Every structure is written in C-alpha cells, then in structure tokens.
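The values are calculated or read from the model by the stated rules, or taken from the named source; none is laboratory data. Nothing here was measured: the structure is a model prediction, and the numbers come from that model. Cβ coordinates were reconstructed from backbone atoms using ideal geometry, including for glycine residues, and neighbour counts include every protein chain displayed. Note: accessible area is taken over every heavy atom of the protein model, side chains too, but ligands, DNA and RNA are not part of it. Shrake-Rupley method; radii C 1.70, N 1.55, O 1.52, S 1.80 Å.
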Amino acid sequence: MDIPYDLIHKLEDEYGSISNVSENNTILKSIRLKLHIKHAKRTNFTYNDFKEEKIIEYLKKGYSIYETAQLTQSSYAKVRKIKSNYKLKTLPRFKYVAIGNEFKVYSLGLSKFKIMSLSCCSNFANTQKALRAMGYELKEAKGYFHWCNLKKDDHYIIDRNIYTKQ
C-alpha cells in the first residue's frame with residue numbers, strides 16, 4: 001500500500017496537525033480512500049473541543065484575540081495559537097460611526113474620517129463639525145462596533161480606503 005505522505009504533509013503544513021483537519025476536507029477524504037480507511041467518526045468530544053469551536057466562532061465574527069480570550073475564559077496565547085493553526089484573520093472593529101441619510105461609515109479612529117471630510121479630524125468636536133457639514137452624525141461606541149454587527153452595504157474605513165461590507 002502506498003502511503004500518500006505528500007498529501008499528509010500538505011494538511012499538516014496547513015492545519016498544524018492532521019487531527020485539526022475537518023472530516024469533510026477533500027484531501028483528507030482522498031487520503032482515506034487511498035489507505036482504505038472508512039470515514040472516522042469522533043464521538044469523544046471534550047470540553048476543550050467545544051471551547052476551541054467557540055474561539056473560532058468569535059474570531060470569525062470579528063472579535064479581537066483579547067476579547068475572544070475574555071469571552072471564552074481562555075488565555076491570550078491559546079486564542080492566538082488557534083488563530084494561527086486555522087489561519088484565521090482578525091476582522092476589523094470600529095470605535096466611531098458616521099450616520100448619513102443613505103449609509104453608515106465605520107472607523108476605528110477619528111483621523112480616518114479625513115478622507116471623507118478633507119479637513120482636520122484631530123478631535124471629536126472637529127470631526128463632528130466637519131461631518132455634520134456633509135450631512136453625517138458622528139457617534140462613538142461605548143465599546144466597539146464589531147464586524148459581525150455591520151450590515152450588508154455598510155461602509156468602513158481602513159488604511160485610507162473606504163470599503164463596503166458584502
């Protein structure tokens with residue numbers, strides 16, 4: 001029997017361990033076919049498996065590593081490791097929103113609104129005045145506006161660019 005080491009190594013490089021690969025992964029299925037192994041069912045889920053799923057869920061929703069660690073009562077290092085193992089990217093979170101008649105624009109910092117107003121946005125009052133002249137009302141979050149709370153077609157500013165959530 002030929003063991004497909006190349007495919008096994010590919011999965012280990014991508015997921016850190018073959019045990020981290022989901023059961024419906026096509027490469028894993030092809031390895032099992034080549035090795036004549038029937039679909040393995042995991043029946044012994046532990047508390048840590050569910051905790052890991054929760055960490056992945058929060059990261060995909062847009063929570064930061066620190067917030068995810070707090071919400072799941074995990075360590076920062078564990079959340080960071082899971083993020084790395086599953087090659088997840090942290091999504092942006094925002095502190096401010098400019099509400100207009102047609103749409104909302106979210107930003108982490110006040111200075112980002114400069115690309116909209118083309119004027120000084122160094123403090124809340126100046127930014128609020130500049131955006132009010134354009135027909136927007138500026139609001140500050142008590143915590144953060146998370147990626148998962150943005151609606152489709154809401155706009156957000158990152159690195160001097162305005163994007164639209166799809």
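Within region 15-28, restricting attention to residues that are outside any loop (DSSP other than H, G, I, E, B) and more than 15 Å from K81 (Cβ to Cβ), which residue is least open to solvent (accessible area, probe 1.4 Å)? Among those residues, the one meeting the criterion is L28.
For L59, the conditions (1) surrounded by 13 or more Cβ atoms within 10 Å (Cβ to Cβ); (2) of a type in the set (A, V, I, L, M, F, W, C); (3) modelled with pLDDT under 80 are fulfilled apart from (3).
For beta carbons closer than 6 Å, sequence separation of 6+ or different chains, a first residue in region 97-109 that is open to solvent by less than 20 Å² (accessible area, probe 1.4 Å) and a second that is of a type in the set (V, I, T) and not in a loop (DSSP other than H, G, I, E, B), the qualifying pairs are A98/V105; Y106/V97; S107/I157.
Comparison of R132, R80, R93, R160 shows that the only residue that is open to solvent by 40 Å² or more (accessible area, probe 1.4 Å) and closer than 23 Å to E14 by Cα is R80. Could you please tell me which pairs satisfy a Cβ distance under 7 Å, a separation of 6+ or placement on different chains, a first residue in region 140-166 that is in contact (Cβ under 8 Å) with a residue 12 or more places away in the chain and within 15 Å of K60 (Cα to Cα), and a second residue that is surrounded by 12 or more Cβ atoms within 10 Å (Cβ to Cβ) and of a type in the set (G, A, S)? Between residues of region 140-166 that are in contact (Cβ under 8 Å) with a residue 12 or more places away in the chain and within 15 Å of K60 (Cα to Cα) and residues that are surrounded by 12 or more Cβ atoms within 10 Å (Cβ to Cβ) and of a type in the set (G, A, S), the close pairs are H146/G62; W147/G62; C148/G62.
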